[in-house]
Amino acid sequence: DQQVKQNSPSLSVQEGRISILNCDYTNSMFDYFLWYKKYPAEGPTFLISISSIKDKNEDGRFTVFLNKSAKHLSLHIVPSQPGDSAVYFCAARVAGGATNKLIFGTGTLLAVQP
Amino acid sequence: GAGVSQSPSNKVTEKGKDVELRCDPISGHTALYWYRQRLGQGLEFLIYFQGNSAPDKSGLPSDRFSAERTGESVSTLTIQRTQQEDSAVYLCASRGANYGYTFGSGTRLTVV
């Protein structure tokens with residue numbers, strides 16, 4: 001049962017344009033959502049997060065939008081740069097859990113073309 | 001250390017052999033997680049340690065998998081009698097006071 005879904009395995013964008021990465025979830029008990037970025041042969045690194053009580057969080061070129069009614073979140077990168085090329089994972093945390101365990105999606109490979 | 005350190009970075013083993021993977025978390029991080037990523041899949045939770053509390057082992061896929069951690073120090077993940085489906089990248093992460101994890105670079109395990 002995949003509680004966090006990233007339905008696009010890959011995305012290609014021109015440098016300077018906007019990249020939009022999507023994530024859907026099924027568990028209403030998630031209270032925190034995070035995006036991680038992963039380069040080959042490296043571990044995932046934290047990028048940006050959003051609490052379930054908000055609908056938008058912005059950090060420089062990165063903005064995460066949360067639509068709770070649709071159980072959907074998206075990561076916008078603008079302008080996209082070649083160095084943004086990586087796998088992006090969406091992750092969610094279950095509210096009230098003792099472990100702060102994160103449930104991850106399968107990832108989207110972003111390729112930013114120069 | 002400055003980051004989460006995992007060793008070895010790569011491991012090739014024969015089916016049926018035991019393997020031991022090591023994780024050295026960030027100093028002062030009380031929480032430690034093991035995840036794995038099989039080819040084409042997301043990160044799959046395996047086990048969680050928090051200080052001296054009983055670990056959350058709910059993600060371990062079989063009794064061939066076990067992990068240990070003493071206090072807030074190094075953790076080892078042991079896979080006994082490895083099978084080909086155990087081939088994956090095994091990722092360790094530690095967490096301090098905030099929600100975000102700091103991941104190591106992982107151990108790529110290949111069972112042949």
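Within the range A:67-114, the residues that satisfy the criterion of being more than 13 Å from A:Tyr39 (Cα to Cα), within 12 Å of chain B (Cβ to nearest Cβ) and polar (S, T, N, Q) are A:Thr99, A:Asn100, A:Thr106. Check whether at least one residue in the range B:15-25 is in a strand (DSSP E or B), more than 28 Å from A:Tyr88 (Cα to Cα) and open to solvent by less than 40 Å² (accessible area, probe 1.4 Å), and report yes or no. Yes; the residues of the range B:15-25 include at least one that is in a strand (DSSP E or B), more than 28 Å from A:Tyr88 (Cα to Cα) and open to solvent by less than 40 Å² (accessible area, probe 1.4 Å).
Being in contact (Cβ under 8 Å) with a residue 60 or more places away in the chain and within 14 Å of chain B (Cβ to nearest Cβ) is true of A:Ser10. B:Pro25 meets each of the listed conditions (1) closer than 30 Å to A:Ser10 by Cα; (2) touching a residue at least 24 places away in the same chain (Cβ under 8 Å) apart from (1). Consider the range A:12-38. How many of its residues are farther than 18 Å from A:His76 by Cα and surrounded by fewer than 21 Cβ atoms within 10 Å (Cβ to Cβ)? Adding up the residues that qualify gives 5.
The values are calculated or read from the model by the stated rules, or taken from the named source; none is laboratory data. Here the structure is a predicted model, which means the values were calculated and not measured. We place every Cβ from the backbone using ideal geometry, glycine too, and count neighbours over all the protein chains shown. Ligands, DNA and RNA are stripped out before the accessible areas are found, and what is left, the full protein with its side chains, is counted by its heavy atoms. Shrake-Rupley method; radii C 1.70, N 1.55, O 1.52, S 1.80 Å.
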